[in-house]
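Worksheet for the structure shown next.
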Amino acid sequence: MSSEFILVIEAGKTERHYWKDIWRFRELFLFLSWKDLLVRYKQTVIGVAWSVLRPLLTMIVFTFVFGRLAKMPDEGVPYPILVYSAMLPWQFFSNSFTEASNSLVANSNLVSKIYFPRLIIPTTSIIVSFVDFLISFSILGCLMVWYGFMPSIQILTLPLFLIFAMITSLGAGYFIAALNVKYRDFRYVIPFIVQFGLYLSPVGFSSSVIPEKWRLLYSINPMVGVIDGFRWAILGKEGLVYLPGFILSIALSLLILFIGIIYFRKTEKTFADVI
Amino acid sequence: MSDTVIKVENLGKKYIINHETGAGGYKRFSEEIVNFFKKTGKAAIGRNTKLSAKEEFWALKGVSFDVKQGDRIGIIGRNGAGKSTLLKLLSRITEPSSGRISLNGRVASLLEVGTGFHPELTGRENIYLNGAILGMGKSEIKRKFDEIVDFSGVEKFLDTPVKRYSSGMYVRLAFSVAAHLEPEILVVDEVLAVGDADFQKKCLGKMEDVSKSEGRTLLFVSHSMASITSLCNRCIYLSEGKVCADSTPSDAILKYYSSNLLNTPYHMNYKDFPKKIGDDVVILLEGSIEKLNGEKTSEIEIHDAFCIKMKYQILLEANQLIVPNFHFYNEGGICVFVSGARDVKQMTTGIYEAICHIPDNLMNEGTYFVGLAMTSYMPTGCKVNFFELNALSFNVKDPMDFRSARYGYTGPIPGVVRPILDWEIVKVNE
């Protein structure tokens, strides 16, 4: 008789329908993303311009500090383009990671009143960051025209590296978001990760300045692989990607995603009780 | 039988109350780390003492019942009896600690009005967002959009951000979306407690329609016995996490009230409650029923005047009038009357006591429940600061002496009130 029931909730059992549910709730995912987008630019005076100004100003400062003052090697490309091509994935990562990490706590009213697969909430932050990314990307186009820089055919591989950036930020985002529900300390940890990461990752300089013997170690930071990949795709220069390091970065970001999802799924059912 | 849509077996939900960290559910990471080292340290030297007084609390235990398709089930019980926990388990928001629930049909839950409403978004945008959150698809919302707007009566403000709405409009819009849900099983928590009476009736009517004509199943938590009796065909009475009655609404309500008689006191001290009752403006401290000689009691003679007292603390001085009011209900859940304090002036912070004098010979014999409430009135509108339904109870008794005009009749005299009125009997010569 119980076989007739389409859903059985039992203590301590993970649900069989979880991934099917995520698909079933895809419209909710779209609506929540749409809400985030709408809310983001309501009541901001210059609206969309923020997603242009932030990377642009950071790029100018970095070009000045790393390019002019520190005289880092420019790999034969205009320094602003060198910085900006790394700024794009970094901004994407830091935005979506920060948003995803805080998303559950920010949406605690939803978590405690409505059922849906909770993975949807941190995942929506990808969408807003992606839109920002597209806007910022158009600035890269302007920079290229300004400096008369012609990208090579490799730029077509860019979506692939964008996917790796998504995987990295989602993996870390899921993990921290779940931790944040129980331990609010992580609210303070996130800005640190983002700030240190900006200087530890090869954003203001090319990772070729790292001595060869340290590059594998340097690639433990998954964003190194993502950023190198972006530069390679956009600038089309050989030698920007250090292959063993790149593989390590990608493997680690996949591992982070895996751990993130496992931890998230494990703690998900207690979210409503502790949030 | 094949028409059983919900089967609940031996359901339980356990919460761990951590006395050390207080009421906060979330912990600081540093505490966990310190605890971890303490634990391992103690284990290393062979001691196994408990670090903090962790106490298990079963919000629900051993709950079993079946629901058939088209059932409209009311769930009643005192605060903390486990009603909301049951709904949360049924709607999969939280996981049971024991037992199982088998569901046959799509469940939509309405545990709060306007979940996910975003103040910056317009009414139109919020209808779509809220609809999606409650489980409607985009095409479904589009199809019902006009109907929803019609029902809410806020057409004019559809493109205004809801943060500019009055609280009444906000609630109406939120309800309208929810009222148009069409799941096989609808789970509703006490959301009808807000909103004006007319609109409440409209929503109840809509829910009844949907349930009766389309055979949908409804689970409905309410403190309003009148709504339960009019809407439901079956009622579950929960007490301390267990099912105490599962029968017709009138039987369950009777049982609820008769058990309340034993439990509801004539004096309540809220100061020691773990959870403060009230908000940042005013909190409830104490409530009592007293005879004129100052004796606290629940037994009142019909010919005696008595008073209801409430102590409260004003925490914040603002441009508002903070008005205490008492709500009197009889055993049938009928509101006998509501009385609010008159001539309230603006008050400074501090502890106050409100005393409401009930005249003699007002209420008929029977048991009455008093709800203690506080409402603040601002130039922009009013707000309920707290409302403790059925906080106190008292029993009105007839000493059966000459004052009762019984002339030897000892049976019950019907009616909610029983005033002594002036009569004249004159002989007419014709």
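The values are calculated or read from the model by the stated rules, or taken from the named source; none is laboratory data. The shown structure was predicted, so the numbers you read here are calculated from the model rather than taken from an experiment. Positions of Cβ are backbone-derived with ideal geometry, glycine not excepted, and every protein chain shown enters the neighbour counts.
Here the range A:29-66 is the region considered, the condition is being surrounded by fewer than 18 Cβ atoms within 10 Å (Cβ to Cβ) and of a type in the set (S, T, N, Q), and the residue that is farthest from the other protein chains (Cβ to nearest Cβ) is A:T44. A single member of B:I93, B:I101 is within 13 Å of another protein chain (Cβ to nearest Cβ) and not in a strand (DSSP E or B), and it is B:I93. Of all residues in the range B:135-161, those satisfying the criterion of being within 12 Å of chain A (Cβ to nearest Cβ), buried (at least 21 other Cβ atoms within 10 Å of the Cβ) and at negative phi are B:M136, B:I141.
Among the residues that make up the range A:252-270, is at least one of them crowded, with 16+ Cβ neighbours inside 10 Å and not in a helix (DSSP H, G or I)? No: the range A:252-270 contains no residue that is crowded, with 16+ Cβ neighbours inside 10 Å and not in a helix (DSSP H, G or I).
Could you tell me whether any residue of the range B:249-261 is under 25 Å from B:N395 (Cβ atoms), modelled with pLDDT of 85 or more, crowded, with 16+ Cβ neighbours inside 10 Å and in the same structural domain as B:L134 (by TED's automatic domain parsing)? Looking for residues that are under 25 Å from B:N395 (Cβ atoms), modelled with pLDDT of 85 or more, crowded, with 16+ Cβ neighbours inside 10 Å and in the same structural domain as B:L134 (by TED's automatic domain parsing), one finds at least one in the range B:249-261, hence yes.
Applying the set (1) closer than 12 Å to A:P89 by Cβ; (2) of a type in the set (A, V, I, L, M, F, W, C); (3) under 12 Å from the mean Cα position of the chain (by Cα) to A:I127 leaves exactly one unmet item: (1).
For the range B:96-127, the set of residues classified as under 22 Å from A:A11 (Cα atoms) and either of a type in the set (D, E, K, R) or without any contact (Cβ under 8 Å) to a residue 24 or more places away in the chain (or both) consists of B:R100, B:R106, listed by residue number.
Which is within 18 Å of the chain's Cα centre (by Cα), surrounded by 14 or more Cβ atoms within 10 Å (Cβ to Cβ) and among the polar types (S, T, N, Q), of B:S298, B:S222, B:S288, B:S211? Exactly one residue qualifies, and that residue is B:S222. The residues in the range B:221-253 that are assigned to a helix (DSSP H, G or I), in contact (Cβ under 8 Å) with a residue 24 or more places away in the chain and over 21 Å from B:Q69 (Cα atoms) can be counted, and the count is 3. Number of residues in the range A:207-240 that are outside any helix (DSSP H, G or I) and closer than 24 Å to A:F97 by Cα: the value is 3.
In the range A:104-120, the qualifying residues are those that are touching a helix residue (DSSP H, G or I) at 6+ places or on another chain (Cβ under 7 Å), hydrophobic (A, V, I, L, M, F, W, C) and more than 7 Å from every other protein chain (Cβ to nearest Cβ), and the one that is surrounded by the most Cβ atoms within 10 Å (Cβ to Cβ) is A:L104. Residues of the range A:165-200 that are away from every other protein chain (no Cβ under 14 Å), surrounded by fewer than 24 Cβ atoms within 10 Å (Cβ to Cβ) and of a type outside the set (A, V, I, L, M): A:P191, A:Q195, A:F196, A:G197, A:Y199.
Of the residues examined, B:K88 is not one that is touching a His at 6+ places or on another chain (Cβ under 9 Å), modelled with pLDDT of 85 or more and crowded, with 17+ Cβ neighbours inside 10 Å. When the range A:197-206 is filtered for residues that are outside any helix (DSSP H, G or I) and of a type in the set (A, V, I, L, M), only A:V203 remains. Look at (1) of a type outside the set (A, V, I, L, M, F, W, C); (2) in contact with a strand residue (DSSP E or B) (Cβ under 9 Å, 6 or more places away or on another chain); (3) crowded, with 21+ Cβ neighbours inside 10 Å and you find that B:G105 fails only one, number (3).
Criterion applied to B:G82, B:G70, B:G77 was being surrounded by fewer than 21 Cβ atoms within 10 Å (Cβ to Cβ), at positive phi and either more than 8 Å from every other protein chain (Cβ to nearest Cβ) or not aromatic (F, W, Y) (or both), and the one residue passing it is B:G70. For the range B:54-62, state whether one or more residues are at pLDDT below 90 and either touching a His at 6+ places or on another chain (Cβ under 8 Å) or not in a strand (DSSP E or B) (or both). Among the residues of the range B:54-62, at least one is at pLDDT below 90 and either touching a His at 6+ places or on another chain (Cβ under 8 Å) or not in a strand (DSSP E or B) (or both), which makes the answer yes. Scanning the range B:407-430 for residues that are surrounded by 10 or more Cβ atoms within 10 Å (Cβ to Cβ) and over 23 Å from B:I358 (Cα atoms) yields a single hit, B:Y409. Screening the candidates B:F145, B:F151, B:F117 for the property of being among the hydrophobic types (A, V, I, L, M, F, W, C), over 30 Å from B:Y257 (Cα atoms), assigned by TED's automatic domain parsing to the domain that holds B:L231 and assigned to a loop (DSSP other than H, G, I, E, B) yields one hit, B:F117. Here A:R54 meets the list (1) in a helix (DSSP H, G or I); (2) modelled with pLDDT of 90 or more almost entirely, failing just condition (2).
B:A174: closer than 21 Å to B:K88 by Cβ, free of Cβ contacts under 8 Å to residues at least 40 places away in the same chain, touching a Gly at 6+ places or on another chain (Cβ under 9 Å) and of a type outside the set (D, E, K, R), yes or no? In short, no. Answer yes if at least one residue in the range B:79-86 is among the β-branched types (V, I, T), under 13 Å from B:F220 (Cβ atoms) and assigned by TED's automatic domain parsing to the domain that holds B:C244, and no otherwise. Taking every residue of the range B:79-86 in turn, none turns out to be among the β-branched types (V, I, T), under 13 Å from B:F220 (Cβ atoms) and assigned by TED's automatic domain parsing to the domain that holds B:C244.
Here is a yes/no grid of residues against (1) modelled with pLDDT of 90 or more; (2) of a type in the set (S, T, N, Q):
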residue: A:N95; (1), (2): yes, yes
residue: A:S101; (1), (2): yes, yes
residue: A:S108; (1), (2): no, yes
residue: A:F116; (1), (2): no, no
residue: A:L119; (1), (2): yes, no
residue: A:I127; (1), (2): yes, no
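Within the range B:111-134, being at positive phi and facing chain A (nearest Cβ under 8 Å) holds for one residue alone: B:G116.
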